[in-house]
Each structure stands twice: as structure tokens, then as C-alpha cells.
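*Asks:* One structure, pasted below without further comment.
Rule-based calculations on the coordinates, nothing more; no lab input. Model, not experiment: these values are computed from the prediction. Using ideal geometry, Cβ is built from the backbone for each residue, glycine included, and neighbour counts are taken over all protein chains shown.
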Amino acid sequence: MNKQIIKLSDSAVVRIKEIMSEAENSTIGVRVGVKSGGCAGMSYVMEYAKDIKPNEEVIEDNGVKVLIDPKAIIYLLGTEMDYKKEKFSSQFIFKNPNETERCGCGESFKV
């Protein structure tokens, strides 16, 4: 695949490095996927990755490794992953050009 599935913003890279510094030594990166649920139908899922599963896409960006669940690739093509820190909350934000609808709370989306 020529086109990178997900691009990471600088703030996302910094935050993933912070998360990785607190993770167990066996953790190799962060896995991103999607699951059914939420008011718009799908939501993003992130977890620590200890190994690379078959058919996963591995994106390395500025020393950070992000693994993409093969079932999520089609939904995430062209997405930018950002990290926003506000006064009362902080979260990863996915700017996904494939979304046709997003719920009001921003937790789920539809493609």
C-alpha cells in the first residue's frame, strides 16, 4: 500500500511517546481499530500492542509505531490522528475524510 493509512500530528506523536514510556517493556506500539457502537454506528478503539497480528498495517512515524487492525483499514484511509489537550479533557481526535456523519458527542461516526 503506497498511501499511508493514518498520518500522525506532532502532538499525537508526542502523546504516544509519553504513553509508551509508561507501558510495559513488551509493548511495541499502539493499535488502532474500529468497533460497532455509539450513536452513529462506529467508534475508534486504541490499545497497547504487544505483537504484530497477521495482515496488520504498521505505520512508523517519528519513532512511534501504530498498528492498524486489518478490519479497520478501509475505514481509516487518509485519516489524521491528532491529540488535543483542553482545560478539562484530553483525547486523541481522528480527522477522517471517510466519515459521512458524526454523533454530537464526537464518540462515534458513520462512513
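*Asks:* Kindly check whether there is at least one residue in region 58-79 that is surrounded by 18 or more Cβ atoms within 10 Å (Cβ to Cβ) and in a loop (DSSP other than H, G, I, E, B).
*Replies:* yes
*Asks:* Residue under question is Val45, and the condition is that it be surrounded by fewer than 19 Cβ atoms within 10 Å (Cβ to Cβ), assigned to a strand (DSSP E or B) and either of a type in the set (A, V, I, L, M) or touching a Gly at 6+ places or on another chain (Cβ under 6 Å) (or both); does it hold?
*Replies:* Working: surrounded by fewer than 19 Cβ atoms within 10 Å (Cβ to Cβ): yes; assigned to a strand (DSSP E or B): yes; either of a type in the set (A, V, I, L, M) or touching a Gly at 6+ places or on another chain (Cβ under 6 Å) (or both): yes.
For Val45, the condition - surrounded by fewer than 19 Cβ atoms within 10 Å (Cβ to Cβ), assigned to a strand (DSSP E or B) and either of a type in the set (A, V, I, L, M) or touching a Gly at 6+ places or on another chain (Cβ under 6 Å) (or both) - is met.
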